[in-house]
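The values are calculated or read from the model by the stated rules, or taken from the named source; none is laboratory data. The shown structure was predicted, so the numbers you read here are calculated from the model rather than taken from an experiment. Note that each Cβ is placed from the backbone with ideal geometry, even for glycine, and that neighbours are counted across all protein chains shown. In case anyone asks, the SASA skips ligands and DNA or RNA and just uses the protein heavy atoms, side chains included. Shrake-Rupley method; radii C 1.70, N 1.55, O 1.52, S 1.80 Å.
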Amino acid sequence: MAIERTFSIIKPDATARNLTGAVNAIIEKAGLRIVAQKRIQMTRAQAETFYAVHKARPFFGELVDFMISAPVVVQVLEGDNAIAKYRDVMGATDPSKAADGTIRKVHAKSIGENSVHGSDAAETAAIEIAQFFSGNEIVG
Ligand code: CMP
């Protein structure tokens with residue numbers, strides 16, 4: 001298996017409920033290493049750029065409003081097969097369909113307020129990491 005990096009966001013519903021540490025505990029227990037992390041207030045422009053792929057979707061406005069409603073924690077996670085592994089650790093987008101023990105099953109409130117984001121492929125991981133971190137902020 002290859003060592004990969006993936007991009008993660010701990011979303012406003014989780015930071016507002018003081019769950020950053022609880023989410024990080026699940027991430028680390030799964031064998032993923034947090035090699036960069038910062039708490040930020042995302043701007044509307046940043047959120048619109050980040051989710052540009054969903055621009056035509058009916059929930060786009062709601063998604064952007066939610067992502068700027070409170071601070072988020074952006075992260076780079078590193079490990080064997082990190083992209084697929086973190087998607088397993090997060091669970092399904094809709095928490096009602098997420099497997100037991102996943103972050104979304106344990107903590108998410110709804111399909112919109114679903115606690116975490118993780119990259120879906122190597123190409124998007126590289127793009128998403130570069131949107132929030134410079135190379136010297138990532139210490140593996
Ligand atoms: P995320 O993995 O961050 O990628 C896109 C996000 O859009 C997704 O998680 C959900 O939070 C959000 N999303 C997907 N479907 C819906 C929906 N039907 N209503 C509201 N938000 C949604």
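Normalised by the number of residues in the chain, the mean separation of alpha-carbon contacts (under 8 Å, six or more apart) gives a relative contact order of 38 percent.
Each helix, a run of at least 4 DSSP H residues, gives -39500 (n - 2.57); summed and divided by the residues of the chain, these come to -10500 deg cm²/dmol at 222 nm.
With the charge dipole of the stretch 1-66 set up from +1 on Lys and Arg Cβ and -1 on Asp and Glu Cβ about the Cα centre, the Cα lying farthest toward the positive end among the listed residues P12, I40, L63 is that of I40.
Of the chymotrypsin sites (Phe, Trp or Tyr not before Pro) found in the stretch 38-89, those that fall in a DSSP loop while having at most 15 other beta-carbon atoms within 10 Å are F59. Whole-percent P(r), the stretch 16-140, all Cα pairs, 10 Å bins from 0: 12, 44, 39, 5. Full extension of the chain segment joining D94 with K109 gains 4.5 nm, where the gain is 0.36 nm per residue of separation less the Cα-Cα distance.
Backbone phi angles across the stretch 89-103, fed through the Karplus curve with coefficients 6.51, -1.76 and 1.60 (θ = phi - 60°), yield HN-Hα couplings of 5, 5, x, 4, 3, 8, x, 5, 10, 7, 6, 4, x, 6, 4 Hz in residue order; Gly and Pro are listed as x. Carbon-plus-sulfur accessible fraction, the chain (probe radius 1.4 Å, protein heavy atoms only): 52%.
Taking amide H atoms as placed 1.01 Å from N in the peptide plane, the amide H of V116 lies under 5 Å from those of K11, each 5 or more residues away in sequence or on another chain.
Under the convention that each Lys and Arg Cβ holds +1 and each Asp and Glu Cβ holds -1, the size of the dipole of the stretch 30-84 around its Cα centre is about 120 debye. Remark: the chain carries a charge dipole of roughly 280 debye about the Cα centre, counting +1 on each Lys and Arg Cβ and -1 on each Asp and Glu Cβ.
Given R0 = 30 Å, the distance between the Cβ atoms of D80 and A130 translates into a calculated FRET efficiency of 0.85.
Computed 3J(HN,Hα) for the stretch 34-45, one whole-Hz value per residue from the Karplus formula 6.51 cos²θ - 1.76 cosθ + 1.60 where θ = phi - 60°, is 7, 9, 7, 7, 8, 9, 9, 9, 5, 7, 4, 4, glycine and proline marked x. For the stretch 19-25, the Karplus equation 6.51 cos²θ - 1.76 cosθ + 1.60, evaluated at θ = phi - 60°, returns couplings of 9, 4, x, 5, 5, 5, 5 Hz by residue, with Gly and Pro reported as x. Rolling a 1.4 Å probe over the protein heavy atoms gives the chain an accessible area of 51 Å² per residue.
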